[in-house]
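Below is one structure, written out as C-alpha cells; comments come after it.
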Amino acid sequence: MAYIRMEKQPLIAFFENITVNDAMLLIHEYAKLDYPLYPLFLTDRQGRLAGMITLNSILAAADVMRLYELKEEECIAVYAHTKEADAEKLFQAASVNFLPVVTEERHLIGVIHQGSC
C-alpha cells in the first residue's frame, strides 16, 4: 500500500487576514530566494488550510484588501495518510494539477503535484 509523497519544495502560505500590500512584500522576498510562487495557500492563525489564492488576484487587488477577500471558492485537499491511487483519482475528478496536503485537523503540511504520486 503506497501513500502520497509530498514535494520537497518550499511551501508558501499566507495568513488569510493579511493585506495585499503585506503579501506583496513577502512575495518579493520569496522571489529573491527563487521560491516557486505557485500554488499559494491561505491559512488561519492556527495554520489550518483556509483556501487558495492566485498571484494574479493579488497583483490586481487594492493594497488594503485582505487576502481572504480574494480566495478561491473551493479548495480541495488530501490528508497525509491518503493512498496514492486515491489521490490520483481526485486529481482526475477535480481537474487540478496540485493538491494541498493536510492533517486531520486541516493543518497545512505540504503539497503534491499530479504525476508525483
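Quick check: the angle from helix 20-32's long axis to the longest principal axis of the chain, C-alpha only, nearest 10 degrees?
60
At a threshold of 8 angstrom on Cα-Cα distance, excluding pairs fewer than six apart, so keeping six or more, what relative contact order does the range 13-113 reach in percent? Let's see the in-between values first.
Numbers: 148 pairs, mean separation 25.9, N = 101.
Taking the mean separation of contacting Cα pairs over the length of the range 13-113, I get 26 percent.
I want to verify the translational diffusion coefficient of the chain in µm²/s; compute it with Stokes-Einstein, Rh as the Kirkwood radius over Cα pairs, at 37 °C and 0.692 mPa s.
Numbers: Rh = 14.7 Å.
D, rounded to a whole number, is 223 µm²/s.
Please give the contour-minus-distance gain from residue 30 to residue 94: 0.36 nm per residue of separation, less the Cα-Cα distance, rounded to one decimal in nm.
20.2 nm
Using a 10 angstrom Cβ neighbour count of at most 16 plus a DSSP loop assignment to flag exposed GluC sites (Glu not before Pro), which longest range of the chain is free of such sites? Provide the component values of the computation, followed by the final result.
Working: sites that count: 7, 72, 73, 74, 104, 105.
The longest uninterrupted stretch comes out as 8-71.
Restricting to the chain, what percent of DSSP beta bridges are antiparallel, rounded to 5? Walk me through the numbers before you get to the answer.
Numbers: 12 of 17 bridges.
Here the share of antiparallel DSSP bridges comes out near 70 percent.
No lab work stands behind these numbers, since they all come straight from the coordinates. All values reported here derive from a predicted model rather than from experimental measurement. All Cβ positions, glycine included, derive from the backbone under ideal geometry; neighbour counts span all protein chains shown.
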